[in-house]
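What follows draws every value from the coordinates through simple rules; no lab data is involved. Just so we're clear, the structure is a prediction, and the values are computed from it rather than from any experiment. Neighbour counts run over all protein chains shown; Cβ positions are idealised from the backbone, glycine included.
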Amino acid sequence: MKRLVAPSLLSADFLHLGQEMQWLNASADLLHLDVMDGTFVPNISFGFPVVEAVARVATIPLDVHLMIVQPERYVDRFAQAGAAMISFHLEAVLAEGGDPAAILRQIRSHGVKAGLAVNPDIPVEKLYPYLGEADFVLVMSVFAGFGGQSFILDTYERVRRVRDEIRRQGLSCSIEVDGGVSSANARQLAEAGVEMFVAGSAVFKASDPAAEIQAIRTK
Ligand code: DX5
Ligand code: ZN
């Protein structure tokens, strides 16, 4: 399976986003945008103005990862802002008595790919009833909230279980991982069933970011 690399803008130089976008457009497959609300996660990142500005110059698809409560209030605006993919956290919606399937359909109604994300402490089985309505699953390999954390090894097994269930249900849902991903763990993740690799610090802190992206694709 072809590996797609999604550098996470959270690790970019925010004073020079225009320059960052030039090499990202040329080198990356997708661009991952982390939206945090300070409530679902203990951190605040960026919102519509940044996503809209990036969308004006991006030639690669934008992958918006919502780490927010009540994502149904905002998915329409992120779709209009130019997202090609939008994921939200299953546990955020279940905790507030919301309907994850309805939000997946809301995202898809814009022609945007719909993804369900889960933190490392959420049993992956909770995803299973919704896989049929999702275009992708985002298996977090760190706890959502901050870049630069260490990869949680349990992720390989969690990805394998999700992959097996997707096959069992005969679906074409793809798997993305996010957190501590680099060329050092990409092969093992790919073997477990990952297609989309989000990488923040591994790419942006590399002496040659484009080479690290290529290494995640091929190593
Ligand atoms: C964490 C974010 C990630 C983050 C990944 O909450 O969802 O997308 O930017 O950063 P690294 O690759 O540095 O772990
Ligand atoms: Zn993310």
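What are the ³J(HN,Hα) couplings of the range 34-49, residue after residue, when phi is run through the Karplus curve with 6.51, -1.76, 1.60 and θ = phi - 60°? Round to Hz, x for glycine and proline.
Rounded to whole hertz, the list is 8, 9, 10, 10, x, 10, 5, 10, x, 8, 10, 10, 8, x, 4, x.
Once the mean 1/r over all distinct Cα pairs of the chain is inverted, what Kirkwood radius in angstroms do you read off?
One over the average 1/r among Cα pairs gives 17.0 Å for the chain.
Among 129, 175, 152, which residue has its Cα furthest toward the positive end of the charge dipole of the range 129-219, with +1 on Lys/Arg Cβ and -1 on Asp/Glu Cβ?
Positive-most Cα among the choices belongs to 152.
Under a point-charge model restricted to the Cβ atoms of Lys and Arg (+1) and Asp and Glu (-1), what is the dipole moment magnitude of the range 4-218 relative to its Cα centre, in debye to the nearest 20?
Value, rounded to 20: 320 debye.
Would you order 128, 156 from fewest to most other beta-carbon atoms within 10 Å of each residue's own beta-carbon?
Ordered from fewest to most neighbouring Cβ atoms within 10 Å, 128, 156 come out as 128, 156.
Per-residue HN-Hα couplings for the range 189-195, Karplus 6.51 cos²θ - 1.76 cosθ + 1.60 at θ = phi - 60°, whole Hz, x for Gly and Pro?
Each residue's phi maps through the Karplus curve to give 5, 4, 5, 6, x, 7, 10 Hz.
So what does the Cα-only Debye profile of the range 9-130 read at q = 0.16, 0.21 Å⁻¹, as log10 I(q)/I(0), no solvent term?
Taken in order of the listed q values, log10 I(q)/I(0) reads -0.76, -1.20.
Just to confirm my numbers, what's the Cα centroid distance between the range 76-127 and the range 190-205 in Å?
About 20 Å separates the Cα centre of the range 76-127 from the one of the range 190-205.
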